[in-house]
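Report on one structure; see the data block that follows.
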Amino acid sequence: MKKAIFVKTTSMYKHLISASILNADFLHLEDEIRMVNDSEADLLHLDIMDGVFVPNLTFGFPVIRQIRSVAEKPLDVHLMIINPDRYLEAYRDAGADWLTVHYETCTHLHRTIQNISELGMKPSVSLNPHTDVSLLENILGDLNMVLIMTVNPGFGGQKFIPASYDKIRKLKKMITKKGYDTRIQIDGGVNEGNIAGLAEAGVDVFVAGNTIFSADDPTAMIHRLKHSGN
Ligand code: DX5
Ligand code: ZN
């Protein structure tokens, strides 16, 4: 009797993992970035905070440039700053590949998105937990990605907000209805216990910080997040 032969021709793992270094060991940042380089993570997520839009501060251009010199994954830069328009070119020059601005910080969001694209970066808009996804309807087709915050921005290691599921499903419907290829990213409180259900709800890109960098074996954790629910 012939044995059945199974040949896996394509990858079944469709969601992307963006590793956030917010809670990494900054005294050994190069080692942390090299760990991400050698892992199954797809992107390196950098949280930029100004102490005004969010109640915390992180790092500026010289640090991003140095991270860029070591990182082998595209830089997924999440701006939590007011008036991001002033700095779009500077973030591009520092090494940003994907650039996210917050809906709540942009008066002329359409113009901001066009500028990000013209500078050669992939544009994305982030929504705070209280901001409805329907507000993006008129620019959805121009976006590489929508980032739904699943915690209030400012800190790593917070608890996932369950009401985010409805926002994800609603946004997924809006994107599917129009036939766009806009991705859905979520950021905050992602872990091994919720990632499969969230992928099922429609999330394409998962930011994970604390879950990765507080794990005993961060590389193995990235592997498990990457393969959850598939
Ligand atoms: C929060 C940041 C997140 C943060 C997520 O404002 O935008 O990127 O690193 O952290 P975890 O995965 O620890 O919730
Ligand atoms: Zn972030």
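A compact table of results
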{"read-out": "Flag if Asp216 is in a loop (DSSP other than H, G, I, E, B) and among the acidic types (Asp, Glu)", "value": "yes"}
{"read-out": "Residues being part of a strand (DSSP E or B) and either at pLDDT below 95 or surrounded by 24 or more Cβ atoms within 10 Å (Cβ to Cβ) (or both) - total across region 32-46", "value": "3"}
{"read-out": "Flag for Glu192 being more than 16 Å from ligand 1 (Cβ to nearest atom) and more than 19 Å from Lys122 (Cβ to Cβ)", "value": "no"}
{"read-out": "Tabulated pairs, region 155-166, first farther than 23 Å from Leu57 by Cα, second part of a loop (DSSP other than H, G, I, E, B), C-beta under 6 angstrom, 6+ apart or interchain", "value": "Ser164/Thr150"}
{"read-out": "Unmet requirement for Val54, which otherwise passes all of (1) closer than 19 Å to Ile186 by Cβ; (2) more than 16 Å from ligand 2 (Cβ to nearest atom)", "value": "(2)"}
{"read-out": "Yes/no for Thr100 being hydroxyl-bearing (Ser, Thr, Tyr) and within 15 Å of ligand 1 (Cβ to nearest atom)", "value": "yes"}
{"read-out": "Subset of region 167-192 that is farther than 26 Å from His223 by Cβ and touching a residue at least 40 places away in the same chain (Cβ under 8 Å) - its residue that is surrounded by the fewest Cβ atoms within 10 Å (Cβ to Cβ)", "value": "Tyr180"}
{"read-out": "Residue in region 164-182 that is over 23 Å from Val54 (Cβ atoms) and within 14 Å of the chain's Cα centre (by Cα) present", "value": "yes"}
{"read-out": "Residues that are over 18 Å from Leu99 (Cα atoms) and within 16 Å of ligand 2 (Cβ to nearest atom), drawn from region 169-194", "value": "Gly189, Val190, Asn191"}
{"read-out": "Qualifying residue in region 126-136 (condition: in contact with a Ser or Thr (Cβ under 6 Å, 6 or more places away or on another chain) and within 16 Å of ligand 1 (Cβ to nearest atom))", "value": "yes"}
{"read-out": "Residues within region 52-89 that are part of a strand (DSSP E or B) and surrounded by fewer than 20 Cβ atoms within 10 Å (Cβ to Cβ), tallied", "value": "1"}
{"read-out": "Residues located in region 111-136, provided they are within 16 Å of ligand 2 (Cβ to nearest atom) and over 17 Å from the mean Cα position of the chain (by Cα)", "value": "Thr131"}
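The values are calculated or read from the model by the stated rules, or taken from the named source; none is laboratory data. Owing to the predicted nature of the structure, the values given are computational and were not obtained by experimental measurement. Counting neighbours? That spans all protein chains shown, and the Cβs are built from the backbone with ideal geometry, glycine included.
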